[in-house]
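Please treat every number below as a calculation from the coordinates, not as lab data. Since the structure is predicted, the reported quantities are computational estimates derived from the model, not experimental observations. FYI the Cβ positions are ideal-geometry reconstructions off the backbone, even for glycines, and counts take in every protein chain you see.
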Amino acid sequence: METIIVKSEQLNLPEKILKKLRGKELEIIETEEGILLKPIKKSIRGLLKGTGVSTDLFMQYKKEEKELEK
């Protein structure tokens, strides 16, 4: 799959759709009906493998991070 980076000002989409897709990676697919913008879902499975961080410890870090954001 070819990867390109497109800045939001390069796409002319309704603001409601831009807000929904902001920060997401999209797959651009050409179909018979036109162009399809499909968000790419990344699997988080195995994210912590080999890091020495357990799921419980990671969740604790995330909880502390949210508390600091308040």
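Listed values, structure above:
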quantity: Residues of region 39-69 classified as under 24 Å from K24 (Cβ atoms), assigned to a loop (DSSP other than H, G, I, E, B) and not basic (K, R), total; calculated: 6
quantity: Matching residues, region 26-65, being out of contact with any strand residue (DSSP E or B) (no Cβ under 7 Å at 6 or more places or on another chain) and of a type in the set (D, E, K, R); calculated: E30, E32, E33, K41, K42, R45, K49, D56, K62, K63, E64, E65
quantity: Filter result (surrounded by 10 or more Cβ atoms within 10 Å (Cβ to Cβ) and hydrophobic (A, V, I, L, M, F, W, C)) within region 41-63; calculated: L47, L48, V53, L57, F58, M59
quantity: Among the residues listed as I44, I28, the single one being touching a Leu at 6+ places or on another chain (Cβ under 7 Å) and of a type in the set (V, I, T); calculated: I28
quantity: Residue list for region 22-38, restricted to those being in a strand (DSSP E or B) and β-branched (V, I, T); calculated: I28, I29, I35
quantity: Contacts under 9 angstrom Cβ, first residue in region 56-70 being under 19 Å from I44 (Cα atoms), partner surrounded by 10 or more Cβ atoms within 10 Å (Cβ to Cβ) and of a type outside the set (V, I, T), 6 or more apart; calculated: L57/L48; F58/L47; F58/L48
